[in-house]
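Here's the structure we're looking at; comments come further down.
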Amino acid sequence: MHKTLSNFGGVFLLSCRKNALDVEESASTRNGIVMRYAPSEGVLRVKLFRYALVLCLVLVTAMSFVANGAAAKVLKVGSDCTYPPMEMQNEKTGAFEGFDIDLIKAVAKKMGRTVQILNTGWDGIIPGLMNGNYDCLISAMTITDDRAAQINFSDPYFTAGQVILVMADNTSIKGPADLKGKKVAVQMGTTGDIAVSKMEGVTVLRFNTNPEAVQELRNGGAAAVVADSTTLMWEALKDSKLKLVDKKPFTVEYYGIGVKKGNDSLLNAINKALARLKVSGEYEAVFAKWFGK
């Protein structure tokens, strides 16, 4: 064919028809007279159908490559967006925002990809990753041995720990030892839940989200809340009726980005991106935006 594949539509079909004629038309010389034999209409139709079929296959293949390329550029990220200021959903716009959200967007940008956040309940966030519902997860998740047995973690990107939140007029609770004999609210399955469950004489009240645990404190159903320093510091700043017993955590924990076991290429790419963000100063900029300098 003497027309390229970029010449679609009628021009291409005319070209196909002409080429069919060129292929089928034959010539012979008899008694000095050149005699040409044109193909039948049926043969032409078969040839045109074959050319059209080839064109369709080429177009389908090309579109498949484009679609797969676009899908590969989207990083699907699972996150329980009920944990401000790490991850939350803007009540007015519905947009997902927070330190973790900004960080994973910066990581993806270094990888040449865009981000799709999939809001997922905490109790199902690791199973969802293992099931392939998303490529990775970022959700203020502490790296623990039990979790590391199920998924892989990136290099630590944040240092946190457990703190105690009480009502501002509370003077009886000054540390973990004072929680004995008290009702303490936690988010189910978190390291706060794990820490309080190990304390003797404490009644643990478990909730699906951290805001629900904090609300139980406000309602008088719990004497304290135990959770990560990041989120409880945020709660205390927002509400003057609440206070932290001590800003210094009584545990030391490290957050990591979760990746499905076996996906080493993605894990390596995330670690490289995190390292570049720290060197460039972009990590510090994200941190300053949410926690100050």
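No value in this document is a laboratory result; all are computed from the given coordinates. This is a predicted model, so every value here is computed, not measured. Don't worry about glycine lacking a Cβ; one is built from the backbone with ideal geometry, like all the others, and counts go over all protein chains shown.
Among V214, V202, the ranking by other beta carbons within 10 Å of each residue's beta carbon, starting with the fewest, stands as V202, V214.
For the stretch 90-195, the equivalent ellipsoid derived from the alpha-carbon gyration tensor has semi-axes of 31, 18, 14 Å in decreasing order. Remark: L129, L267, L165 ranked as L267, L129, L165, counting other beta-carbon atoms within 10 Å and listing the fewest first.
If we count every other residue with Cβ under 13 angstrom of S280's Cβ, Lys/Arg +1 and Asp/Glu -1, where does the sum land? Residues near S280 contribute +3 overall.
Extension gain, E91 to D123, is 9.2 nm, computed as 0.36 nm per intervening residue step minus the present C-alpha separation. Amide H to amide H, with H built 1.01 Å from N, V115 comes under 5 Å of L75, counting only residues 5 or more places away or on other chains.
Return a whole-number percent for the relative contact order of the stretch 162-251, with Cα pairs under 8 Å and 6 or more residues apart as the contact set.
Working: 171 pairs, mean separation 40.2, N = 90.
Computed value for the stretch 162-251: 45 percent relative contact order.
Just so you know, the Rg over Rh for the stretch 162-251 is 0.90, from Cα atoms, with Rh as the Kirkwood radius. Taking a straight Cα-Cα cut-off under 20 Å and skipping sequence neighbours fewer than 8 places away in the same chain, the aspartates and glutamates within cross-link reach of K182 are D169, D193, E200, E212, E216, D228, D246. Which entries of K110/K238; K180/K260; K92/K241; K92/K183 show an alpha-carbon separation above 28 angstrom in the structure shown? From K110/K238; K180/K260; K92/K241; K92/K183, over 28 Å: K110/K238; K180/K260; K92/K183.
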